[in-house]
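For reference, the structure discussed in these notes is given below.
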Ligand code: KG4
Ligand code: ZN
């Protein structure tokens, strides 16, 4: 019997990644070439620099991914690629590479939404059971996504301004931490106390939306004010206070969502899902939901990677969601396409 092998591409931001996934849930290879060092001196991702790196890396990553998986093009079942949301120039490199390989080797081309990828990283832990809820927290997104069934996504809450990861990176910069700052802020938070009592924006509002820009401003104002009066604040306490505010809001909104939408699984996904504070808080909160299982995306697959794109690719393959050579990058891609394609 022919194997089910998907060659997957991810180039939406600052990681060039190519993976080979078998049956949607086994990683034969997952090559990730990170560009973080090139962006660090700018304090964030520079889109033009990202595109150039992707161009340099993409063919090397394809070769490595195939070699590591010990497969050739003729073994493949399909090619899957992130076509949005993300940086347009960065997305275009992955989309062009995937289209070229699909055309040259006569393989079906599968268009994948990056956010769906983050959610389906949970497949590498256990099968996703529906209905499911996902809290997706990354550098670009903070969303509560309800999934009534496979390949159906409804955003029930999202950030009105900054994403959680973006806020981590910005306050990290004020603390003198290199981009991306989330991991170090998380470590410092565990060495300090919540002494500053920063605002928990929208926490008590009757919706599932988030806002982090007020928290970020409160943090920056506190540090600047201290600077002006020649006072030095404890960085660990600042980190702990910031993290406590983020975790409170994320957890409270998620609990509210679970009360309204009973689900079999809660999936925590995205780069910020690596955060120890939010992981342990959700584990604690989920004790009150005896029929909902918490599925934490594997730490190594929380950040951007192509394995998660292959996991979604296999789902879309079964649902006959394919693209042709006209597939374009869609930087502002939203979820409707998935539900629409079912109708
Ligand atoms: O998903 P991701 O790799 O890229 C996007 O699609 O945005 O997420 C990267 C984000 C960065 O903002 C980084 O600071 C944050 O995830 N991050 C963390 C942690 N590890 C990474 N934020 C908080 N705590 C962490 N442990
Ligand atoms: Zn991402």
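Observations on the structure shown:
- Considering (1) surrounded by fewer than 24 Cβ atoms within 10 Å (Cβ to Cβ); (2) in contact with a strand residue (DSSP E or B) (Cβ under 9 Å, 6 or more places away or on another chain), the lone condition that residue 104 does not fulfil carries the number (2).
- Checklist (1) exposed (fewer than 15 other Cβ atoms within 10 Å of the Cβ); (2) within 20 Å of the chain's Cα centre (by Cα); (3) over 19 Å from residue 303 (Cβ atoms) applied to residue 88, failing item: (1)
- Every residue from region 75-91 that is more than 14 Å from residue 323 (Cβ to Cβ) and more than 16 Å from ligand 1 (Cβ to nearest atom): 75, 76, 77
- Lone qualifier among 257, 245, 273 - being assigned to a helix (DSSP H, G or I), in contact with a strand residue (DSSP E or B) (Cβ under 7 Å, 6 or more places away or on another chain) and within 15 Å of ligand 1 (Cβ to nearest atom): 273
- Matching option when the condition is modelled with pLDDT under 95 and outside any helix (DSSP H, G or I), among 8, 2: 2
- Pair list, Cβ < 6 Å and 6+ apart or interchain, from region 299-326 residues that are within 25 Å of residue 272 (Cα to Cα) to residues that are in a helix (DSSP H, G or I) and at pLDDT below 95: 302/271; 303/271
- For region 300-330, a residue qualifies if it is under 18 Å from residue 14 (Cα atoms) and under 15 Å from the mean Cα position of the chain (by Cα), and the qualifying residues are 300, 301, 302, 303, 304, 305, 306, 307, 308, 309.
The values are calculated or read from the model by the stated rules, or taken from the named source; none is laboratory data. What you see is a predicted model, and the numbers here were worked out from it, not measured in a lab. Note: ideal-geometry Cβ built from the backbone for every residue, glycine included; neighbour counts use all protein chains shown.
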